[in-house]
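Below is one structure, written out as structure tokens; the observations come after it.
The values are calculated or read from the model by the stated rules, or taken from the named source; none is laboratory data. It should be emphasised that the depicted structure is a prediction, and the values quoted were computed from it without experimental measurement. Methodologically, a virtual Cβ is constructed for each residue, glycine included, from the backbone with ideal geometry; neighbour enumeration extends over all protein chains shown.
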Amino acid sequence: MDRETLLLSNFGETLKAARKRKRLTQKQLAQMLGMHHNTISSWEVGTYLPETRGLVLELARRLDLDKLETRQLLEASLTALSPRWNIPYQRNPFFTGRDDILGQLHCALHHDPGATLTQSCTLSGLGGIGKTQTAIEYAYRYTNNYSTIFWIETQSYKSLIDSFVSLANLLNLPEKGDREQTRIATAVIHWLNSHTQWLLIFDNVEDMALLDGFLPAARCGSLLFISRRQALGISAHVLNLGPMTPEEGTRFLLHRARLLDTVASPDQLPSRDKAIAQEIVTDMGALPLALDQAGSYIEATHCSLSDYLRLYRSSSLYLLNEREAHVAHPLSFTRTFTQAFAQLERCNARAAEVLIVCAFLAPEAIPEAFFREGATHLGPTFEVLASDPFMFHNAIKALLNYSLLQRNIDTRALKIHRLVQTVLKERLPKPTQHMWMSRLIYALNSIFSSDEIHSNNVQLCKQLLAHALWCITLSEEWKMDEAPRTILMNNVAIYLSSQICSSNHDQSISFQNQNIR
């Protein structure tokens, strides 16, 4: 029996494969451990698991497991990972890819005894991008590197203090029964300051001020903050989590829908099914939460991939709102985004309008100059933003805080996830949708007009070409007023014609110069 047979997710199966490879009976292994053979039988059938990490390590030693197999056995044992372990989620059997980000996390968090600072990292990104699942996978994958791994909820002061009370009970601290909960939290922090090789994972961090007094001062362990915000204002390595790659997304969708075994490749599917799966991933922008919802729906309804794609393209908002209440992330993408947008509207209404405009443009490379040059047609908010750069930057800052946009400093362009666009557009009433589309078409017309093109606006037109074509197509699908769209089509055609003429002229001059030489 080769070693690959041990790489199983179930503890009982992993133990049984290792025992058989060693050519031991249940009774013989039990005698080595000084226990009844029924215990081994119960472990293998999954009645219960070893009670301690030490017992799992002793099993690994007796079965001559190597380092990788020992880690596999520890991970499969789940509850036996460590007596100082409170990860509230089981490992996700469908977790796919993210190897680069997990490697970067480990480099940022791995504790160096000679380091002068606590190893700390922030994992940030859009809601539904997979931050929490990545942190869970990290905890399971690298459990052997830590003596203690604690998970702390930070949605509110109550959830934060409740987490520290739970840790006090887990550590069996003398103060665990203290009526004054702040003293319990202080006792936990004192324990952390006097121990090493621990990892604290703070989930859903929105306000770092809430954590004042809850962070250990000693340089003895590692801190991982999970947040939508791209800047928490602390000295920590920041990793921004993006969508999955197309390949990762396709594998994840097919495995989650149980159309493929988790170790199988999408290439084993008929080429047509694989192509449809890739279309679903593209339409969803490879967002893990949305793909998880899609896979769950396909599994539950037994619909085909083509049926799901057809349903999604006709009723995307309905499907993006489908979510089981019992799963680790019970909020659907629609509700996750809607909550974030509602918070954004309350804290910065101007930023919310910037996001709405981005929802009606192509998702990539939206030039910031458009909001300035098209301000008079986009509405009063944009006239204010165009006249006050500080206010514009504050609006962008608010959007970055919720990871609703990405900003490229070098190109001065913005990027929005296509699912954010989908949900934002479809939650607006039809008249409001048409109002914003009309504003965009008039703004684009003002920039693409021939007079403007001849007055040093060529570069902006080049940056806005994809967005103009996007708006033309969308307004046609929505059967909007033809006159403004026709004018924009003519202006874009004139711009393209002028660029062709300019290119031909430049080539002609180059050819003449070559002949002269």
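Quick notes on this one:
- Long-range neighbours under 7 Å by Cβ, at least six apart or interchain, first residue within 15 Å of residue 251 (Cβ to Cβ) within the range 268-284, second small (Gly, Ala, Ser): 276/306; 280/294; 281/249; 284/290; 284/294
- In the range 266-275, residue farthest from residue 99 (Cα to Cα) [restricted to those that are buried (at least 16 other Cβ atoms within 10 Å of the Cβ) and over 23 Å from the mean Cα position of the chain (by Cα)]: 273
- Checking each residue in the range 52-68 for being in a helix (DSSP H, G or I), closer than 17 Å to residue 23 by Cα and not hydrophobic (A, V, I, L, M, F, W, C) picks out 61, 62.
- Among the residues of this structure, residue 480 counts as one that is surrounded by 15 or more Cβ atoms within 10 Å (Cβ to Cβ), assigned by TED's automatic domain parsing to the domain that holds residue 361, not hydroxyl-bearing (Ser, Thr, Tyr) and not in a helix (DSSP H, G or I).
- Qualifying residue in the range 420-431 (condition: in contact (Cβ under 8 Å) with a residue 12 or more places away in the chain and within 18 Å of residue 240 (Cβ to Cβ)): yes
- Residue within the range 385-393 that is without any contact (Cβ under 8 Å) to a residue 60 or more places away in the chain, of a type outside the set (A, V, I, L, M, F, W, C) and not in a helix (DSSP H, G or I) present: yes
- The range 154-186, subset over 17 Å from residue 211 (Cβ atoms) and in contact with a Lys or Arg (Cβ under 8 Å, 6 or more places away or on another chain), residue surrounded by the fewest Cβ atoms within 10 Å (Cβ to Cβ): 169
- Residue satisfying all of: in the range 186-210; of a type outside the set (A, V, I, L, M, F, W, C) and in contact (Cβ under 8 Å) with a residue 12 or more places away in the chain; nearest to residue 138 (Cα to Cα) among these: 203
- Boolean, residue 349 is more than 20 Å from the chain's Cα centre (by Cα), in the same structural domain as residue 428 (by TED's automatic domain parsing) and either at pLDDT below 95 or not charged (D, E, K, R) (or both): yes
- The set of residues in the range 213-230 being of a type in the set (A, V, I, L, M, F, W, C) and closer than 19 Å to residue 153 by Cα consists of 214, 215, 223, 224, 225, 226.
- Strands (runs of 3 or more DSSP E) wholly inside the range 198-265 containing at least 2 residues that are surrounded by fewer than 19 Cβ atoms within 10 Å (Cβ to Cβ) and either within 23 Å of the chain's Cα centre (by Cα) or outside the structural domain of residue 341 (by TED's automatic domain parsing) (or both): 237-240
- For the range 39-49, the set of residues classified as under 35 Å from the mean Cα position of the chain (by Cα) and either free of Cβ contacts under 8 Å to residues at least 12 places away in the same chain or under 20 Å from residue 141 (Cβ atoms) (or both) consists of 48, 49, listed by residue number.
- Screening the candidates 404, 361, 428 for the property of being in a loop (DSSP other than H, G, I, E, B) and closer than 28 Å to residue 88 by Cβ yields one hit, 404.
- The test for being over 21 Å from the mean Cα position of the chain (by Cα), among the hydrophobic types (A, V, I, L, M, F, W, C) and more than 22 Å from residue 109 (Cβ to Cβ) does not hold for residue 189.
- Residue within the range 114-124 that is without any contact (Cβ under 8 Å) to a residue 40 or more places away in the chain, β-branched (Val, Ile, Thr) and either more than 30 Å from residue 331 (Cβ to Cβ) or surrounded by 21 or more Cβ atoms within 10 Å (Cβ to Cβ) (or both) present: no
- Any hit, the range 300-319, residues being over 30 Å from residue 271 (Cα atoms) and either surrounded by fewer than 19 Cβ atoms within 10 Å (Cβ to Cβ) or within 21 Å of the chain's Cα centre (by Cα) (or both): no
- Some residue of the range 493-515 being of a type outside the set (Gly, Ala, Ser), assigned by TED's automatic domain parsing to the domain that holds residue 421, modelled with pLDDT of 90 or more and under 25 Å from residue 364 (Cα atoms): no
- Scanning the range 134-176 for residues that are assigned to a helix (DSSP H, G or I), more than 21 Å from the chain's Cα centre (by Cα) and under 13 Å from residue 86 (Cβ atoms) yields 143, 162, 163, 164, 165, 166, 167, 168, 169, 170, 171.
- The condition of being β-branched (Val, Ile, Thr), modelled with pLDDT of 95 or more and farther than 21 Å from residue 336 by Cβ holds for only one of 409, 366, that being 366.
- Within the option set 183, 179, being assigned to a loop (DSSP other than H, G, I, E, B) and either without any contact (Cβ under 8 Å) to a residue 12 or more places away in the chain or farther than 27 Å from residue 404 by Cα (or both) holds for one residue only, 179.
- Single condition residue 378 does not satisfy, out of (1) within 25 Å of the chain's Cα centre (by Cα); (2) over 19 Å from residue 249 (Cα atoms): (1)
- For first residues located in the range 24-38 and closer than 13 Å to residue 62 by Cβ, partners that are in a helix (DSSP H, G or I) and of a type in the set (Asp, Glu) and lie 6+ apart or on another chain with Cβ distances below 7 Å form the pairs 33/58.
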